Amino acid sequence: MTDSSTNDRVLQKVRALLAKAESTSFAEEAAALTAKAHELIAAHAIDLAMLEERTGRGSIVTRMVFVDAPYPKEKFLLLSAAARANNADSLFGLGQKGYDILREQDRLDEMDAPGQFAWIIGYESDLDSVELLFTSLLLQAVNVMLNAGSMTDWSGTNRTKSFRRSFLIGFSNVIDRRLSESAERAASVADTAHGGSVLPVLASRRDEVSQEMAEQFPNVKTLQTSVSNHEGIRAGVTAGHRADIGTTRMRGTQPALE
């Protein structure tokens, strides 16, 4: 049985594991901790989805997430990847809807902060997972990106900004694919264990989220990004492959981001 107290306990365990993974200087320890956190997230999300299907509880919600500068558009790609892997959707930009909410809540001063607002749409329990994964993976990505230091080309021209933008794009693309593959494996295992009842439920939830997205944000455009630094994209892809998103066991050897 999964209830609010169980959900809180799971989230506390996940947060604790991710905090340790982000703070340790040992790559193998970080990989193991991140793997365990993602396993808990995936298993608990499926359990909760099945409970909500039986009891009729659970509803689709929207949340505003602030993506700080620099490079908020490129960082948003990582939020979008985490959303897709957790049966949620995402949208970059505040829009009139967000502006109205900030005005009603007397929070318009938040628009002055360097960065950009984004939206995530999905079942509440899934959005908790989205934010946890986004925060942890972004911290790992930024740590590696900053460790690379300043970048110049053969003529001495500073290429740090283009390197970092391209790095984040490459990292996010790999993480997007790996998170999706990991989520599909977890769903397949659970579906087999539950006699084929899990996949239809997850598909139905995804359809409901897509419908809610279309109703709340009917006029959206595809976010465009461009790569102008091939060294940055290669470094991001490499870092994305090294990031442990939960596909190893506690004794796994795949390193997390250093």
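Please find, among Leu108, Leu79, Leu102, Leu94, the residue that is crowded, with 22+ Cβ neighbours inside 10 Å and at negative phi.
Of Leu108, Leu79, Leu102, Leu94, the one residue that is crowded, with 22+ Cβ neighbours inside 10 Å and at negative phi is Leu79.
Conditions: (1) within 26 Å of Leu199 (Cα to Cα); (2) in a helix (DSSP H, G or I); (3) not charged (D, E, K, R). Gly122 meets all but one. Number of the miss?
Of the numbered conditions (1) within 26 Å of Leu199 (Cα to Cα); (2) in a helix (DSSP H, G or I); (3) not charged (D, E, K, R), the odd one out for Gly122 is (2).
Given the criterion within 27 Å of Arg185 (Cβ to Cβ), of a type outside the set (Val, Ile, Thr) and surrounded by fewer than 14 Cβ atoms within 10 Å (Cβ to Cβ), identify the matching residue among Arg84, Arg54.
Exactly one residue qualifies, and that residue is Arg54.
Given the residues Ala27, Ala35, Ala83, which is the only one that is at pLDDT 85 or above, touching an Asp or Glu at 6+ places or on another chain (Cβ under 7 Å) and under 16 Å from Ser136 (Cα atoms)?
Matching residue, one of Ala27, Ala35, Ala83: Ala83.
Hey, could you check segment 140-162 for residues that are surrounded by 15 or more Cβ atoms within 10 Å (Cβ to Cβ) and among the hydrophobic types (A, V, I, L, M, F, W, C) and say which is modelled with the lowest pLDDT?
If we take residues in segment 140-162 being surrounded by 15 or more Cβ atoms within 10 Å (Cβ to Cβ) and among the hydrophobic types (A, V, I, L, M, F, W, C), then Met151 is modelled with the lowest pLDDT.
Could you pull out the residue among Phe134, Phe76 that is in a helix (DSSP H, G or I) and in contact with a strand residue (DSSP E or B) (Cβ under 6 Å, 6 or more places away or on another chain)?
Phe76
Within segment 111-124, track down each residue that is without any contact (Cβ under 8 Å) to a residue 60 or more places away in the chain and surrounded by 23 or more Cβ atoms within 10 Å (Cβ to Cβ).
Ala118, Ile120
Are there any pairs, at least 6 apart or on different chains, whose C-beta atoms fall under 9 Å, with the first in segment 191-219 and touching a residue at least 12 places away in the same chain (Cβ under 8 Å) and among the aromatic types (Phe, Trp, Tyr) and the second in a helix (DSSP H, G or I) and surrounded by 13 or more Cβ atoms within 10 Å (Cβ to Cβ), and if so, which?
As it stands, the answer is Phe217/Gly95; Phe217/Lys97, since those pairs meet every condition given.
The values are calculated or read from the model by the stated rules, or taken from the named source; none is laboratory data. These figures come from a predicted structure and were not determined experimentally. Cβ atoms come from the backbone with ideal geometry, glycine included; neighbour counts cover every protein chain shown.
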